[in-house]
Amino acid sequence: MATISNFNLAPVGFFASQSQPSQAASLEAFLAAAKGGATTGQRSRLTAVVAPLDERFEPRGPRFVGEIDRWSSGAVALRHVRPVNAAYLAIEAAPPDGPPLRLILRVVGCESFGLDYEIVGQVMST
């Protein structure tokens, strides 16, 4: 089973109010490579380990496995079997042939879609 690495959440300035252009570019490049060259907005899932965080970026509840379903330059949509009730999510995903991607998302929505939930978040930091 995949495990999430220790995120260093303590340094001041780790979280930006908006993602920087280089972060957005690296996110898109990572996801495109991980998903076989899929372009932004396409549906091609990548498994991720997710850790819920509270408003102080401290762990809140158990980690879970979700799937990155859709993405754009500043947002990511995850699928999971249960809804989340956390302000932020720490996410780690690793493509078969590449380094792991670590993201912090600010949760902006969680909606039921049949048996799954779609969790949408703004990328705060990579």
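When we screen 93, 48 for residues that are modelled with pLDDT of 90 or more, under 19 Å from residue 125 (Cα atoms), buried (at least 18 other Cβ atoms within 10 Å of the Cβ) and not β-branched (Val, Ile, Thr), the only hit is 48. When region 65-81 is filtered for residues that are among the charged types (D, E, K, R) and under 9 Å from residue 118 (Cα atoms), the ones remaining, listed by number, are 69, 79.
The values are calculated or read from the model by the stated rules, or taken from the named source; none is laboratory data. These numbers come from a predicted model, not from an experiment. Note: ideal-geometry Cβ built from the backbone for every residue, glycine included; neighbour counts use all protein chains shown.
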